[in-house]
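Report on the following structure.
The values are calculated or read from the model by the stated rules, or taken from the named source; none is laboratory data. Values in this document were obtained by computation on a predicted structure and should not be read as measured data. Please note: Cβ atoms are built from the backbone with ideal geometry, for glycine as well, and neighbour counts cover all protein chains shown.
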């Protein structure tokens with residue numbers, strides 16, 4: 001199956017479990033990038049939410065509800081912390 005034909009879930013599994021010449025190290029790369037991205041969103045949470053509110057007030061509608069986005073980031077970070085920082 002082509003990666004273009006994969007669902008998001010299938011593609012994530014492909015990233016984590018698919019062939020890589022460095023083996024399972026790729027899993028740590030994916031998790032590290034995920035963690036750094038989550039950290040960035042959550043460290044800037046107030047600015048992001050303020051900008052989203054300002055945009056709404058000015059009639060600009062975002063494709064993504066940023067409040068829900070931040071909540072997803074928090075939940076994902078919580079799951080990672082439960083798994084790796086227990």
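Just checking, does segment 20-36 include any residue being modelled with pLDDT of 95 or more, touching a helix residue (DSSP H, G or I) at 6+ places or on another chain (Cβ under 9 Å), in a loop (DSSP other than H, G, I, E, B) and more than 28 Å from residue 85 (Cβ to Cβ)? Taking every residue of segment 20-36 in turn, none turns out to be modelled with pLDDT of 95 or more, touching a helix residue (DSSP H, G or I) at 6+ places or on another chain (Cβ under 9 Å), in a loop (DSSP other than H, G, I, E, B) and more than 28 Å from residue 85 (Cβ to Cβ). None of 39, 55 is at pLDDT 95 or above, surrounded by 12 or more Cβ atoms within 10 Å (Cβ to Cβ) and more than 19 Å from the chain's Cα centre (by Cα) except 55.
Just to be sure, is residue 44 out of contact with any helix residue (DSSP H, G or I) (no Cβ under 9 Å at 6 or more places or on another chain) and exposed (fewer than 12 other Cβ atoms within 10 Å of the Cβ)? It would help to see each step written out before you state the result.
Details: out of contact with any helix residue (DSSP H, G or I) (no Cβ under 9 Å at 6 or more places or on another chain): yes; exposed (fewer than 12 other Cβ atoms within 10 Å of the Cβ): no.
Criteria not met by residue 44.
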